[in-house]
Structure formats: structure tokens, C-alpha cells
1. If you take the charge dipole of chain A about its Cα centre, with +1 on Lys and Arg Cβ and -1 on Asp and Glu Cβ, which of A:Gly245, A:Phe511, A:Cys208 is farthest toward its positive end?
2. Could you give the distance between the Cα centres of the stretch B:25-91 and the stretch A:219-267, to the whole Å?
3. Enumerate by residue number the GluC sites (Glu not before Pro) in the stretch A:244-298 meeting two conditions: DSSP loop (anything except H, G, I, E, B), and at most 10 other Cβ atoms within 10 Å of the site's Cβ.
4. Taking just the alpha carbons, could you work out the radius of gyration and Dmax for chain A, both in angstroms?
5. If you plug each phi of the stretch A:499-508 into the Karplus form 6.51 cos²θ - 1.76 cosθ + 1.60 with θ = phi - 60°, what whole-Hz ³J(HN,Hα) values come out, in order, with x for Gly and Pro?
6. Assuming a ≥ b ≥ c are the square roots of the Cα gyration tensor eigenvalues, decide whether the stretch A:476-582 counts as rounded (a/c under 1.5), prolate (otherwise, with a/b larger than b/c) or oblate.
7. In bins 5 Å wide, starting from 0, what share of all Cα pairs of the stretch A:1-119 does each bin hold, as a percent?
8. For a bin width of 5 Å, list the pair-distance distribution of chain B built from all Cα-Cα distances, rounded to whole %.
Amino acid sequence: MSSVESSGDGGRWLDAHYDPVAGLYTFSSCVDLADLSGDGESRLVVGDLGTGSSGMKLKVYRGTALMSESVLLDLPAGLVAFFMDLHEPRIPAVAVASGPCIYVYKNLRPYFKFTLPSLEINPLEQDVWQQVREGQIDPLTLKEMLESIRKKDDVPLSIRSLRFLSLDVNDMDEFVQLHRQQPIRRQTVITCIGTLKKSTADEDGVSCLVIGTENSNVFILDPEAFTILSKMSLPAVPTMMDVTGQFDVEFRITVACRDGHIYILRRESDKPKYCVELSSHPAGLVRIGKNVVVGCTDESLQGFTQKGKKLWKIILPAPITTMAAMDLPTRGFQGVLVGLANCEVHLYRDKNLLSTIKAPDTVTSICFGRYGREDGTLIMTTKGGGLMVKILKRTAAFDDRDSAPGPPLAQSVRLNIPKKTKLYVDQTLRERENGLAMHRTFQMDLSRTRLAAARAYVKALESSLTPVSSSLSEPLKMNAVVQGLGPSFKLTLNVQNTAACRPIMNLAISFLYDENLYKVRNPYMRIPLLVPGLIYPIETFVENTNDKGVSDVIKVFVLHEGKSSPLLTAHINMPVSEGSTLN
Amino acid sequence: MGLLDKLSGWLGLKKKEVNILCLGLDNSGKTTIINQLKPSNTQAQEIVPTIGFNIEKFKSSSLSFTVFDMSGQSRYRSLWEHYYKESHAIIFVIDSSDKLRMVVAKEELDTLLNHEDIQDRKMPVLFFANKMDLRDALSSVKVSQKLCLENIKDKPWHICASNAIKGEGLQEGLDWLQDQIAQSYQNNEQVKA
């Protein structure tokens, strides 16, 4: 047992158990919680699909341990625990739907097997097989005849005939020899299973089984005699269903079908009462109160009323793997748990995301309810066969914040705005009346400012007043540093050639200054060849000859020999000589 | 404290009153433990799930205990905190066979120890790792690991494995609790003197 990192769920869940190698391969329809021994401790009942072809098992967990397991003959399509009688102690039975049968277990022992009634057989097909039995036709003729029946008739062929048609010529003889003595039968299989309370809404009331079949029927079975109480037909094959109400009073069966529609069946009619056409195929169906929440394969979650009216739709970040209801009556909480392919489980109340649980693997089945003695237990199995149990904290609270994008809360807070003054009203009036003129004036002034700025810039460029040279042949950069307190200053000019690879030659530096104020030691300096990229410090000394504490600007020019206009200019604001004032 | 009171205290005539809070998850065996600690003539034969809480009184050699046996059901757990203030010690009972809900026990214990009425007090906490007779029960060491008891630094605590139905291990725990309470009383009197 190891604990799992569960960030993002606000610390609402306790990690009770995680077994990554539990070897449970199942879906939400094959998981249920029930007090199988009547001691007040709920067990987890799982129809394990094994590898899909073998190893199908009915497993029962108690706490963290596997309590019992028994082999299932076929792949389970659904599993429900239900009360089938009124005997004391009140121990529920487990019904496992697989293939055309329902296996009912009581006290975890096989108790009863219900098989769906077989379907009508094509009389032509029956005739053909009759002839085969009498040895009148050989396999090849049989194949031809069956194929013509398959093409022409409305009643589909039996499984045996279809199997025969798919065989190789060599295997046909053997197949016919093996099967020809048995009468042919046509069976349908169960696709989904649910429970419906018979006459009382009590938690431990006797329940009928409701099954959906591959030939688009829904049957309601009597819990004790296993006779068909009611038969309803759908336009398509049901895949998921939700049942509510009581059989004797009023009930409602919501069925998601393989044609991407949701049909709502009611007591009085054997045909669907309402139909919801979805934009894509349903991946999960959960009823919350009177509303139905459907997860679709286009990564959306949609809410409908019980009459099929669409209420809302949200887009999810990843495809849905499974869905389950989270119903906590002690706290009056109802929500929908949605397992996503990005290893997350989202909890929604209506369209609001309340919590996100991160799982170490993709979750394939979710079950929420009372497990052991704890009411708010979330049980999940993962794609890799792991079993995860989380317990909702007693203090956990889900705040109903609207996750839909919209104005933030702060926006609706009223600001303390002072009353409108006369001046404000006058100004507003003036602005309203002369809006055009004011805008024009502003635009004109703005253009003038821009023009003035552009002119100044051009002038600076033309007279090379900037410390960065703009000419393409001699791209130069210079900055100046003045050191010292005075009256003597050290002036360092850092000259850099910013060209990519071309050196610059024949440059000189000269100064322009007030000769009454300053004396520059080298007023004219030649610059050595400038290698691109390197910074050349060129130093000279400046002496302030004035003792009145006056400072001035010294202009530095970088010149090309033989040309009078400078390449670049720098203005150095000389500091006040402190040395002279000290004297 | 008057001279007469002191005298009677020395002579053991008047026993000190101690309030003890008995906490733990539902079905951990709190009521059964308290029932076993009572004198045998007043013991109840059948234990039913506690609703709200029960008050039980019994005496040991030197102390007179008043035990608040709280219900452990989750809907009554919010009642616990109202009794923290007037209690002198805590008995926390754990069902050592319920591995799944060990996290819930830990969560409730952490909430308890971080409560403002408990946090700064040096009150002794006695843990009973109950139901040790069951086949899949964890040992008391395992239970203390699961509950991270080693992190309790500022309170004296003790864990003992118990079987409340037969009464095994209970006396050991109670003796420890008595010692702790006696010690804290001595300390208090030293401070007062």
C-alpha cells in the first residue's frame, strides 16, 4: 500500500488504499457496493473482465483485502446488487449479466441462472438445416443457400449459420458434422443492466432487474420468479441505462443507445416517450435528481431535464473514460464524477467543476458510495488494473463557484463614486457638444509634437550630435567617463567599432571647449585602428582653470581624417570642480 | 487547599477527580473498553452503537475517573471538540483491523491535536490499538506508524494493543494514564508551592 499524490483536489480526499497491481480490469457498469453479509459493512463487488478472453472473475473486496473470487463463464456486461426477497437478514443478491444470461449469486454462491427467451428463427434457415441433418445437401450447397437467405430475408441468421459462413471450405465438413444434430437457435445478448424498486422506495426494498439487449429491447424481470414483467422496444441498441422510480407506481428508464440518441421510457408505454439527439455518441450517463448528465465522445458534458430538454453543455479537457454519480445524502450533496483520459477525475455539480483528482493512471471505473463503514468512499480502478480507494474528509466542503468564464467578482462590487458636481456636468456637456472640435485640436497638437520631435531627431542625426554614428561605413559607439574631483579631471572615452567584421582606420578625436575655463592636455588625438567589437579607452586630462566653481560642456568629436563633419559628437557635462573651492 | 483536604488527600480518603475523553472512529470499541473498566457489577451485557455520548464514572486506587464516551459516527464527531476544554486526558481507540480507515483515524487525530483547546496543553494521550485478537489486525507498532504518532512531541503518549472484549491490555494502558496524571498533579503542586 502506498499513498498517492493527490494535488488539485484541495485536500478533500484521504488516500485510503492504492494497489497498482490489484489486477482488476473492469468498467463502471461491473462495479457495485453492497452489504453482502448483513453486518453493516459494505463490500466491493467487481465483475473482472480478466484479459477479455479468459480470467473473468467475480471478485469481492472487504476493506483492503480480496475476500473471495469465483470464476465467471463469460465476459460480464454488467453487475448489480439488489434485494430479491424480503427474508431476514437483509442480504442482497448479486446479478451478473453476461452473454444471454443473468447469473444470480446469493451469499456469493450461484443461485439462479436466467436466460433470455430465444428469438424467432428464419423458417427457410430451419428448413435448410433440416435438410442437412437428413443428409440431403452437402456443405457447399448449404453455404450457397444460407448466403441467399442472408441477402433476402428480414429475419437475421442464427449465430451458427453466421459462424458457418465465415468458415474455410476445409473446416465446413467438420463443423456440419458437429452441429447438425442440434436444433438451431437464435439468441440475443445483454448489453446493460439496472435495478428498479418493485413497490417501495426503501433503500432495502425488493428490486426488479432491468436489462437492455442487443436486439433493442428492454426487459423488466420479476425479482423472485424471474419472469418478464414488461417488455419495451427501442429504435436502437441500448448501451447504458439509468432507472428511477418504482415498478408498481411510476418509473422512468433513461437509455443511451448506440445510434447516439438518448431515449426515455415510462411506465405506461412500451415505446420511448422522449428522445434526445446528441451531437456525438454517449460515453457516460448519470442521473442527478431529476436531471440527466451525459458525457459524449466529443469531450463534452451535457445536462438534460427528465423530458429531454438541454440545460447546459461544457467542454472537457480530455476524452471521457467513465462516469459515475456521487450521491452523499447525509450532506445533501450530489455530483457527477467524470474519469478522463488524461488521468484525472473531475467532480462536477451541474456545469461547475468542484474538484480535480489526479490519478497515477487512466481511470476506467468509478464507484462512489458506502464502503466498509465509511459513507463517502470513492473507488476507482485503472487501466493498468490498479485499485484505488479514497475517502471524503468529514470536513471537506465543496464551494459552488461558477467556473464558467465571466466577469470576476470584484467587478460587481460597487465603487464609492462621489456625486456629480456642476463643473463636471458642464464639462461633460461641453465635451458632448464640441467633441469633434476637441478631437481635431488634440490630433493637430499631437501631429505637431511628433513633427517637432522628428525634426529634432533629424537635425541631431545630420549634425552627428549623437554618441552613436549612423553612417554605414563607420558604425561607431562612444561613451565618456569623467573621473576626479577637480580641478584636474581624467576623461576616458570608450570608443567601439560596432561593425561586424570591418576595422576602421584614420580616425581622430578633437574637443571643443571654452578655453577660459578648461585646458585639455591633448586636444587632438589620433585613434588607432579599431578592431570590431573591442572597446578602446582613450584617456586625456582636463584641467579646470577657473576658480569660481563654474562648469561647462565639453564637446567631443570623432572625425575622419580629411573630412570636416564629425562622425559623432558627445556632449560631456563637466562636473563642478570641488578641488578649487576647497582652496 | 485546606489542611484537612490535604490530609484526606494524603490518606487517600478523597480521590482526585479526572475527566477523560474517549475518542475514536465508530466501531473501534470505545464503549466496550469503558464498559470493561467499570466495576463488574455495573457492566452492560450488550454494547450498542453510541448516540451522542455517554458519561461513565469509575474509580481506581488513587483517582476518580469521569469518562466522556463519545460517539464515533461521523455525524457525531463534530461534538468532540466541545469537550476538549474540561478534559484532562484523552483515550483514543483505533480498530487495528480496519486498515482502510486508518487514514480517517489519522485525519481525526490530527484535527484533534491541532485544535486550539488541545494544542498547547501537555495532556496525556493514551492509544488503544484495539481488536488485536482479530486475524488481520495490525500490531501496535504498525498502528503507531500509520498514525505517525512519532510526530507527537509535546504531549506524553502511549500505545498499547488491546482486546476490549476480553479486557486484555486495558489495565496496562490505564496504569500508564494514572501515572501521567499523578505526575502532572505533582508538577502542578510544585509550581503552586
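1. So the residue furthest toward the plus end is A:Phe511.
2. If you average the Cα positions of each part, the centres end up 51 Å apart.
3. Numbers: sites: A:Glu250, A:Glu268, A:Glu277; in loops: A:Glu268.
Within the stretch A:244-298, the qualifying GluC sites (Glu not before Pro) (loop, at most 10 other Cβ atoms within 10 Å) are A:Glu268.
4. In Å, with Rg to one decimal and Dmax whole: 43.8, 140.
5. With the stated coefficients, the stretch A:499-508 comes to 5, 6, 9, 8, x, 10, 10, 6, 10, 9 Hz.
6. Working: a/c = 2.87, a/b = 2.08, b/c = 1.38.
Cα axes put the stretch A:476-582 in the prolate bin.
7. For the stretch A:1-119, the pair-distance distribution reads 2, 11, 19, 21, 17, 13, 8, 5, 3, 1, 0.
8. 1, 7, 16, 21, 21, 16, 9, 5, 3, 1, 0, 0
Throughout, read-outs are computed from the coordinates displayed, never taken from laboratory work. This one's a predicted model, so the numbers in the text were calculated from it and none came from an experiment. In this analysis, Cβ positions are derived from the backbone assuming ideal geometry, glycine residues included, and neighbour counts consider all displayed protein chains.
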